[in-house]
1. When you count, for each residue, the other Cβ atoms within 10 Å and take the mean per peptide, how do 109-120, 25-36, 126-137, 86-97 rank with the highest first?
2. Output the 0 to 90 degree angle, nearest 10, between the alpha-carbon long axis of helix 57-67 and the longest principal axis computed from the alpha carbons of the chain.
3. How large is the helix-only mean residue ellipticity at 222 nm for the chain, computed as the sum of -39500 (n - 2.57) over DSSP H runs with n ≥ 4, divided by its residue count, in deg cm²/dmol to the nearest 500?
4. Would you mind putting 7-19, 71-83 in packing order, based on average other-beta-carbon counts within 10 Å, highest first?
5. Over the Cα atoms of the chain, what Rg and Dmax result, in angstrom?
6. Segment 58-105: D in µm²/s via Stokes-Einstein (Kirkwood Rh, Cα pairs, 10 °C, 1.306 mPa s)?
7. With the Cα gyration tensor of segment 69-136 giving a ≥ b ≥ c as the square roots of its eigenvalues, does the rule (a/c under 1.5 for rounded; else a/b larger than b/c for prolate; else oblate) give rounded, prolate or oblate?
8. Can you give me the angle between helix 114-126 and the longest principal axis of the chain, using Cα atoms only, in degrees from 0 to 90, rounded to the nearest 10?
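Read-outs throughout are calculated quantities, based only on the coordinates presented, and are distinct from any laboratory measurement. The structure presented is a predicted model; accordingly, all values stated were derived computationally and were not measured. Cβ placement follows ideal geometry from the backbone for every residue including glycine, while neighbour counts extend to all protein chains displayed.
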């Protein structure tokens, strides 16, 4: 199982209403991209949730803000059919939209979390397709 940095989203306890934080993250487990959310409060209340695919938009935004983005670039024509299929399965893109991202090579096929790009890159490698990964560092916002 591959794990990546998690992030924290401000939240409050459903039981006692005290402020807290929801921990969110992504992993690659058994060849699948998975997400998780966890909350634990000092009052004893807590929960965990997980699933396969992309996390909620808020969780994904928190992961991107904390860790920066990663980009998956496709340079070779041979990878186009495999990558179109992966993008339709992972992100729910329609085939035309996924294909449209790859019209001119080299092409930025996906920009997302480090886990998402690592998952796509591993799936491509299993199909004999090399892809280039570029990591972008998160820029911390300074108070105005």
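1. The most tightly packed comes first, giving 109-120, 25-36, 86-97, 126-137.
2. Helix 57-67 sits roughly 80 degrees off the main axis of the chain.
3. -8500 deg cm²/dmol
4. The peptides rank, most packed first, as 71-83, 7-19.
5. Considering the chain through its Cα atoms, Rg and Dmax are 17.3, 56 Å.
6. It diffuses with D of about 132 µm²/s by this estimate.
7. Here segment 69-136 falls in the rounded category.
8. Roughly 40 degrees, rounded to the nearest 10.
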